[in-house]
1. Of the numbered conditions (1) out of contact with any Gly (no Cβ under 7 Å at 6 or more places or on another chain); (2) under 30 Å from Thr80 (Cα atoms); (3) polar (S, T, N, Q), Thr45 fails exactly one; give the number of that condition.
2. Restricting attention to the range 76-103, which residues are closer than 25 Å to Leu43 by Cβ and either in contact (Cβ under 8 Å) with a residue 12 or more places away in the chain or among the hydroxyl-bearing types (Ser, Thr, Tyr) (or both)?
3. Test each condition in (1) within 13 Å of the chain's Cα centre (by Cα); (2) free of Cβ contacts under 8 Å to residues at least 12 places away in the same chain for Leu14 and report the one that comes out false.
4. If you check Thr80, Thr45, Thr66, which single one turns out to be among the β-branched types (Val, Ile, Thr) and in contact with a Phe, Trp or Tyr (Cβ under 7 Å, 6 or more places away or on another chain)?
5. Can you give me the number of residues within the range 17-59 that are more than 30 Å from Thr69 (Cα to Cα), surrounded by 10 or more Cβ atoms within 10 Å (Cβ to Cβ) and over 29 Å from the mean Cα position of the chain (by Cα)?
Amino acid sequence: MVLETALALLERLLELNPFLLLGVIVVAAYLAFRIFQTIVKMLITGIAFGLFPILANLLGIPIPLTLQTILWSVILGIATYMAYMGLSFFFKVVNAVFSPLKKGFQKKKPAAA
């Protein structure tokens, strides 16, 4: 069923204008690259947070070194990064929505005499 749907979609894409098909391929490649970048950043953040209990133990902070503690730190790090991404996206959207209003509320400079 899924394979048939994918093949039908591929047939329809091949019937499109070559420039439109090229555009679809470029957009898909860009999205795949951005998703890959995000996954790599999440992995780096997870590894950094996973190393925290180990480094804390080396510094003398009494944190138990168990698999559960390390995995909990990794999950906390990935969740923190996802929260950061969500808030960043939210603030970008709010800034884009309200940017036209900024010009209306700016003070006009007096003309030089």
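We did not get these values from a lab; they are worked out from the coordinates using the rules stated. None of the values given here were measured: they were computed from a predicted structure. Methodologically, a virtual Cβ is constructed for each residue, glycine included, from the backbone with ideal geometry; neighbour enumeration extends over all protein chains shown.
1. (1)
2. Going through the range 76-103, the residues closer than 25 Å to Leu43 by Cβ turn out to be 76-92.
Passing the criteria: Leu76, Gly77, Ile78, Thr80, Tyr81, Met82, Tyr84, Met85, Ser88.
3. (1)
4. Details: Thr80 fails: in contact with a Phe, Trp or Tyr (Cβ under 7 Å, 6 or more places away or on another chain); Thr66 fails: in contact with a Phe, Trp or Tyr (Cβ under 7 Å, 6 or more places away or on another chain).
When all the criteria are applied, what remains is Thr45.
5. We begin by selecting, within the range 17-59, every residue more than 30 Å from Thr69 (Cα to Cα); these are 17-34.
Filter again for surrounded by 10 or more Cβ atoms within 10 Å (Cβ to Cβ), leaving 20-34.
Still in the list and also over 29 Å from the mean Cα position of the chain (by Cα): none.
Summing the residues that are more than 30 Å from Thr69 (Cα to Cα), surrounded by 10 or more Cβ atoms within 10 Å (Cβ to Cβ) and over 29 Å from the mean Cα position of the chain (by Cα) in the range 17-59 gives 0.
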